[in-house]
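Right, one structure below, let's go through it.
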Amino acid sequence: MKHERLGPVIAVANQKGGVGKTTTSINLAASLATLDRRVLLIDLDPQGNTTTGLGIEKHQVDKGVYEVLMGDCALADALYDTPCEGLSLIPASMDLAGAEVELVTAEGREQRLSGAFEAYDLQPYDYVFIDCPPALNLLTINALAAIDRVVITLQTEFYAMEGLTQLMDTIRLIRGRLNPELVVDGIVLTMVDHRNNLSVQVEQEVREYFGSQVYEHVIPRNVKLSEAPSFGLPVMHYDVSCKGAQAYLAVANEMLEREHFHRRTL
Ligand SMILES: Nc1ncnc2c1ncn2[C@@H]1O[C@H](COP(=O)(O)OP(=O)(O)OP(=O)(O)O)[C@@H](O)[C@H]1O
Ligand SMILES: [Mg+2]
């Protein structure tokens, strides 16, 4: 049976490593849960940083997104509670590292996740987020084939826009072949430092190039954001008053305000 769903499914993606995808996935999802939305977060990265960042040990996960992709378990059986009320997690297990190779020969290898979504009623959720690995591999393709929108995180540094063309090309390809409704939700700038000229300059360039696709609120460089995962907590449960927590809450509010806007594409 194909299920309808209510809220958008959003992947946080950029094949560039270390640009704030996981930090954004956890804290944007947790912010929306704090704002009384019901949120599901899926850790599609074999590194499992979203999983450990929410206090769940990867080696203790026996049912996670790997089992869902392989058809060994339904989405409903891979749900974990998180420290954040209203936020559920489908974690990465140790086995996810092998999924890329195993998927190559699997039937419908690009649409395993969308198939799992269709078989499960996502209606209880206002938002579903997927944290993608830093690669344009079969896992990321499974995400892009299954979602409504992509949030791209960009670190404001010299090579910020490197690789973006390839990401946009991949999105267009998936739109043409597998998921005609796929759109870019927007770009979230991360690790912004307004005292650093280069960071300011890169922010200006990205805004000139991508215009209103870029979220007005940015995520500053904030040490609390890097500390919170070691306590297994989203930043707003670690220190709600810190700049990082306030910035993610602001981006979440902006996302709620922009709901009508997301259909525009890059
Ligand atoms: N705004 C920030 N301020 C300070 N540190 C940050 C911020 N955002 C992310 N970090 C830190 O930078 C590192 C990379 O961030 P993160 O893991 O979110 O990136 P990623 O894109 O998910 O990386 P990967 O590509 O490896 O999955 C982490 O150590 C994280 O704690
Ligand atoms: Mg990550």
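Where does the charge balance sit around VAL61 when Lys and Arg score +1, Asp and Glu -1, over other residues with C-beta under 10 Å from its C-beta?
Taking every Cβ under 10 Å from that of VAL61, the sum is -3.
I'd like the Karplus ³J(HN,Hα) series for the stretch 23-28: coefficients 6.51, -1.76, 1.60, θ = phi - 60°, whole numbers in Hz, and an x wherever there's a Gly or Pro.
So the Karplus estimates, Gly and Pro as x, are 4, 6, 4, 5, 7, 6 Hz.
In terms of modelled amide H atoms, which long-range or inter-chain residues lie less than 5 Å from the amide H of VAL184?
Hits under the 5 Å cutoff: VAL150, LEU266.
Non-local amide H neighbours of ILE130 (under 5 Å, H modeled in plane, Pro and chain starts lacking H): which ones?
ILE10, ALA11, VAL12, ILE42
For the stretch 202-215, what does the Karplus curve 6.51 cos²θ - 1.76 cosθ + 1.60, with θ = phi - 60°, yield as ³J(HN,Hα) per residue in whole Hz, taken in order and with x for Gly and Pro?
Along the stretch 202-215, the couplings run 5, 4, 4, 4, 5, 5, 5, 6, 9, x, 6, 5, 7, 4 Hz.
Return the loop-located GluC sites (Glu not before Pro) in the stretch 68-150 (DSSP other than H, G, I, E, B) with at most 14 other Cβ atoms within 10 Å of their own Cβ; answer none if there are none.
Taking the stretch 68-150 and a limit of 14 other Cβ atoms within 10 Å, the loop GluC sites (Glu not before Pro) found are GLU85, GLU107.
Suppose only helical runs count, i.e. DSSP H with n ≥ 4. What mean residue ellipticity at 222 nm does that imply for the chain under -39500 (n - 2.57) per run, divided by all residues and rounded to the nearest 500 deg cm²/dmol?
-11000 deg cm²/dmol
Taking the Cα centre of each part, how many Å lie between the stretch 61-103 and the stretch 41-57?
What the calculation gives is 9 Å, centre to centre.
Quick note: the coordinates plus some simple rules give every number you see, no bench work behind them. Everything quoted here is computed from the prediction, not taken from an experiment. Using ideal geometry, Cβ is built from the backbone for each residue, glycine included, and neighbour counts are taken over all protein chains shown.
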